[in-house]
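The values are calculated or read from the model by the stated rules, or taken from the named source; none is laboratory data. Just so you know, these numbers come straight off a predicted model, no measurement behind them. Here the Cβ positions follow ideal geometry from the backbone for every residue, glycine too, while neighbour counts run over all protein chains shown.
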Amino acid sequence: MGMKTKYAVLMVGSLLQLTGIREALAVDGPLPLCYAPQGVAINSGFTTQVISSSYGNNPMGLAFTGTTTYDFYSSPLTADVALQTSDEGLGIIFMQNANPTSANDFQATGEMRYYDYNPFTGTDTLIVDTGISGKDNVQHGSTTHWNMNPVSLPANYTMPMGDLLHVAVTITVVSGNPGTGAQVLYNGSAGSTTIADITYPASGNFIQLAWPFPSSSIASWPNVSLGYSPDPAVQVRFYGTPGTNYLIQATSNLGDPSSWATIGTSVAGGNGFLSYIDNDVTNYPSRFYRAVTQ
């Protein structure tokens, strides 16, 4: 892109919420794969498939008609997280087959790949891969589940603050025909939803500790992303309240709260998204952005 400018983005709902509204995720159990209407920030958009530690009341289903990978993301980390080779990636996949006859019985395997996802560059760094599980029968009119094999991390790894935890869940048909009534279940109560987890071995037993993240390390954060439109201009995208007018502000010095300057305005559309193109960005060695309500 011909330049070395660094960017960071902050999204705030109002001037009184400079740090944003953060909802820490509990870490006292495995992490269900859940649904969040607002979604979480990814490089060029957002996803409503998220990683959480709160189970929903009812299982939800993702359509499955053949081999498919489903991608789940956490909210951005608010602190660095150090993972060790003693940690292990594993999980449980739940599937439902609502087809009425045995013509649509099938067998499937599962795999979970855990990544460190950088929301500003859109790059994934693999942390650990469970490998392909044994196959399980998913019969019509029933719900079944099976476990991923626990796999130790191949190396110590530190996820930096601001990155997202990305879990890619791949279901592969081994035999049979899923038809149109098969689903991957998630966002249900404990014992009825697909979950992801990291454990560590103690006295030969696997103890469920969930992700060894600090209690405040994963937090809700409104969606933000950066793009170039065209180079060298930068397009800053935010997710806010539909129909709300926002001031787009920028600074080159986060250490000086008085240095924030309004560089434009934008109104969030019906889906909550708003954007601003900064044509002046190349005049700064680094630039930070935020959106505030008027």
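This table checks each residue for (1) in contact with a Leu (Cβ under 9 Å, 6 or more places away or on another chain); (2) basic (Lys, Arg); (3) surrounded by 14 or more Cβ atoms within 10 Å (Cβ to Cβ).
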{"residue": "Asp129", "(1), (2), (3)": "no, no, yes"}
{"residue": "Gly134", "(1), (2), (3)": "no, no, no"}
{"residue": "Thr144", "(1), (2), (3)": "no, no, yes"}
{"residue": "Asp163", "(1), (2), (3)": "yes, no, yes"}
{"residue": "Val173", "(1), (2), (3)": "no, no, yes"}
{"residue": "Thr180", "(1), (2), (3)": "no, no, no"}
{"residue": "Leu185", "(1), (2), (3)": "yes, no, yes"}
Note down all Cβ pairs under 7 Å where the first residue falls in segment 265-294 and is within 14 Å of Asn253 (Cβ to Cβ), the second is modelled with pLDDT under 75 and exposed (fewer than 12 other Cβ atoms within 10 Å of the Cβ), and they're at least six residues apart or on different chains. Ser286/Lys6
Could you please let me know if Ala8 is under 17 Å from the mean Cα position of the chain (by Cα), at pLDDT below 80 and under 30 Å from Leu254 (Cβ atoms)? no
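Suppose we filter Val81, Val138 for residues that are in contact with a Phe, Trp or Tyr (Cβ under 7 Å, 6 or more places away or on another chain) and either outside the structural domain of Leu31 (by TED's automatic domain parsing) or modelled with pLDDT of 85 or more (or both); which single one remains? Walk me through how you get there before you give the answer.
Numbers: Val81 fails: either outside the structural domain of Leu31 (by TED's automatic domain parsing) or modelled with pLDDT of 85 or more (or both).
Going through Val81, Val138 in turn, just one is in contact with a Phe, Trp or Tyr (Cβ under 7 Å, 6 or more places away or on another chain) and either outside the structural domain of Leu31 (by TED's automatic domain parsing) or modelled with pLDDT of 85 or more (or both): Val138.
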Can you tell me which residue among Gly29, Gly91, Gly13 is modelled with pLDDT under 75, over 30 Å from Ala291 (Cβ atoms) and not aliphatic (A, V, I, L, M)? Gly29
For segment 103-128, how many residues meet the condition of being touching a residue at least 60 places away in the same chain (Cβ under 8 Å), among the acidic types (Asp, Glu) and in a strand (DSSP E or B)? 1
Scan segment 265-284 for residues that are part of a loop (DSSP other than H, G, I, E, B) and at pLDDT 75 or above and report the count. 4
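For the structure I just gave you, tell me whether Tyr70 is surrounded by 13 or more Cβ atoms within 10 Å (Cβ to Cβ) and either modelled with pLDDT under 80 or part of a strand (DSSP E or B) (or both). Even if it seems obvious, please write down each step before you answer.
Values: surrounded by 13 or more Cβ atoms within 10 Å (Cβ to Cβ): yes; either modelled with pLDDT under 80 or part of a strand (DSSP E or B) (or both): yes.
Criteria met by Tyr70.
Which one of Leu77, Leu33 is surrounded by 19 or more Cβ atoms within 10 Å (Cβ to Cβ), under 28 Å from Val234 (Cα atoms), touching a residue at least 60 places away in the same chain (Cβ under 8 Å) and of a type outside the set (Gly, Ala, Ser)? Before the answer, list the steps.
Values: Leu33 fails: under 28 Å from Val234 (Cα atoms).
Going through Leu77, Leu33 in turn, just one is surrounded by 19 or more Cβ atoms within 10 Å (Cβ to Cβ), under 28 Å from Val234 (Cα atoms), touching a residue at least 60 places away in the same chain (Cβ under 8 Å) and of a type outside the set (Gly, Ala, Ser): Leu77.
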